[in-house]
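A short write-up of the structure that comes next.
The values are calculated or read from the model by the stated rules, or taken from the named source; none is laboratory data. Quick caveat, the model's predicted, so the values are computed rather than measured. Cβ atoms come from the backbone with ideal geometry, glycine included; neighbour counts cover every protein chain shown.
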Amino acid sequence: MKQLVLQPIRHTQGTVHLPGSKSMTNRVLLLASLADGVTDVRNMLESEDTTHMLNALRALGVSISVEESGTDCRVQGLGGPFPVAEAELFLGNSGTTMRSLCAAICLGRGDFTLTGEPRMWERPIKDLVDALRALGAEVRYLKAEGYPPLRIHADGLPGGNVKIRGNISSQYLTGLLLAAPLCEGDMAIEVDGELVSKPYISMTIDVMKRFGVAVENHDFHTFNVHGKAAGRQPYTSPGQAHVEGDASSATYFLSAGAIAGKVRVDGVGSESVQGDIAHAEVLRQMGAVVTMGPDWIEVERGELHGVDLDLNHMPDAAMTVAVTALFARGKTTIRNIYNWRLKETDRLKAMATELRKVGADVLEGNDYLEITPPQHIQPAVIDTYNDHRMAMCFSLAALGDSVITINDPDCVSKTFPDYFDRLKDISSD
């Protein structure tokens, strides 16, 4: 197994220009494909997850030309559902791609297989499939009940009233919302229970608005979307679609500034639609000095102390908070994060295990972590579980006094292929 040995980082200083948001890139690419007209996508993320989306869209009949930069492309919109009648799509471990395409493919006509890496076969999709079946879709499981891979016989979606559980993943609701405007009739979606990761739904609604579709959001409990009745063209290209910097990726650098220096990120700020910019406010609560502009955030080292917070709205950033807690005085408790268990790995178990390796006292609950930091960070070899965020989070442990070794560092290619180079750019010993 490849390893990356990180020597202790004494100081962090500099500016990081963020890559595009993965979540926004995949939403924009999908809607640009379904829209009427040509869309020039700017600052899209170049990573494994977005490559799976690009490859799938091309296999479904979309013409996409990527510029040499890898971050800009031109999408020739279809002005409606995918035209191909058959395809087998390998989607890696990209949950965003699997969930959104599962719904969008049902709008067309034909037979499709959606598969991915073995870990994808363990990531639940039953709530979305149940909702699509209630709308008339034919979806069956090829292996375990409730999990990919899937076989879809698509014959369009009529719209109607549908209920979907909200407590497992917001991606199920995102999939329904993105498909809704291309249903024959209107769709009314009711969320059963509390909705997790609400900011990601706000992002979905914002991207849909950029492509000409308004969503009625009633306090994240019910949503109404008009279908394509009476010849209405649902999605229309805005001409150009710029992808914000990735707020989840920003969290690692902002925490590095809070722990060991002063770091600025360009590409997200007070005008961002991404929920993970709230990480900056958590750092402020912990004692860091935070300043923010419309599209930038700067964090400077402070005397950090533990916090007790519900971080259900920012599950990815919550992982960064957990490692930042190693450098705070007192205990940090992160609550309402059960959906960590359903991500690229069981992140609750994985985080608890690796935090203990560096010396923390950790209590792992069903949906929370209590972290009491060590007096000194211990040298450790960190397992990453083929999870990009585990690798990036635990790189911050090198801000202590010990050598940190990251197993399988290349797993960051899922969303941030040159992450370790960017970290090195702002680090000094």
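In the stretch 205-221, the residue that is nearest to S23 (Cα to Cα) out of those that are free of Cβ contacts under 8 Å to residues at least 24 places away in the same chain and either of a type outside the set (S, T, N, Q) or not assigned by TED's automatic domain parsing to the domain that holds L157 (or both) is K209. Within the stretch 258-279, the set of residues being among the β-branched types (V, I, T) and surrounded by fewer than 24 Cβ atoms within 10 Å (Cβ to Cβ) comprises V273 only.
Does at least one position in the stretch 355-366 carry a residue that is of a type in the set (S, T, N, Q) and surrounded by fewer than 16 Cβ atoms within 10 Å (Cβ to Cβ)? Looking for residues that are of a type in the set (S, T, N, Q) and surrounded by fewer than 16 Cβ atoms within 10 Å (Cβ to Cβ), one finds at least one in the stretch 355-366, hence yes. The condition of being of a type outside the set (D, E), in contact with a helix residue (DSSP H, G or I) (Cβ under 6 Å, 6 or more places away or on another chain) and under 25 Å from P19 (Cα atoms) holds for only one of S255, S202, that being S255.
Within the stretch 337-347, track down each residue that is in contact with a Pro (Cβ under 9 Å, 6 or more places away or on another chain) and of a type outside the set (D, E, K, R).
I337, N339, W340, L342
Is at least one residue of the stretch 158-170 among the charged types (D, E, K, R), farther than 30 Å from S270 by Cβ and touching a residue at least 40 places away in the same chain (Cβ under 8 Å)? No, the stretch 158-170 has no match at all.
Scanning the stretch 138-157 for residues that are touching a helix residue (DSSP H, G or I) at 6+ places or on another chain (Cβ under 8 Å) and in contact (Cβ under 8 Å) with a residue 24 or more places away in the chain yields V139, Y147, P148, P149, L150, I152, A154, L157. Just one of the listed residues (S255, S270) is assigned to a loop (DSSP other than H, G, I, E, B), closer than 24 Å to L309 by Cβ, touching a residue at least 12 places away in the same chain (Cβ under 8 Å) and not charged (D, E, K, R), and it is S270.
Note on the stretch 134-187: among residues that are closer than 25 Å to N339 by Cα, at pLDDT 95 or above and part of a strand (DSSP E or B), the one that is nearest to the chain's Cα centre (by Cα) is I164.
Report yes if some residue within the stretch 73-83 is of a type in the set (S, T, N, Q), at negative phi and under 19 Å from the mean Cα position of the chain (by Cα); otherwise report no. Scanning the stretch 73-83 turns up no residue that is of a type in the set (S, T, N, Q), at negative phi and under 19 Å from the mean Cα position of the chain (by Cα). In this structure, is N224 free of Cβ contacts under 8 Å to residues at least 24 places away in the same chain and touching a strand residue (DSSP E or B) at 6+ places or on another chain (Cβ under 6 Å)? In short, no. A single entry from G61, G70, G80 fulfils the requirement of being in contact with an Asp or Glu (Cβ under 6 Å, 6 or more places away or on another chain) and assigned to a loop (DSSP other than H, G, I, E, B): G70. Inside the stretch 202-230, residues that are over 12 Å from D186 (Cα atoms), of a type in the set (S, T, N, Q) and over 22 Å from the mean Cα position of the chain (by Cα) make up a count of 1. Within the stretch 38-58, the set of residues being within 28 Å of S169 (Cα to Cα) and either modelled with pLDDT under 95 or in contact with a Phe, Trp or Tyr (Cβ under 9 Å, 6 or more places away or on another chain) (or both) comprises L45, S47, H52, N55, A56, L57.
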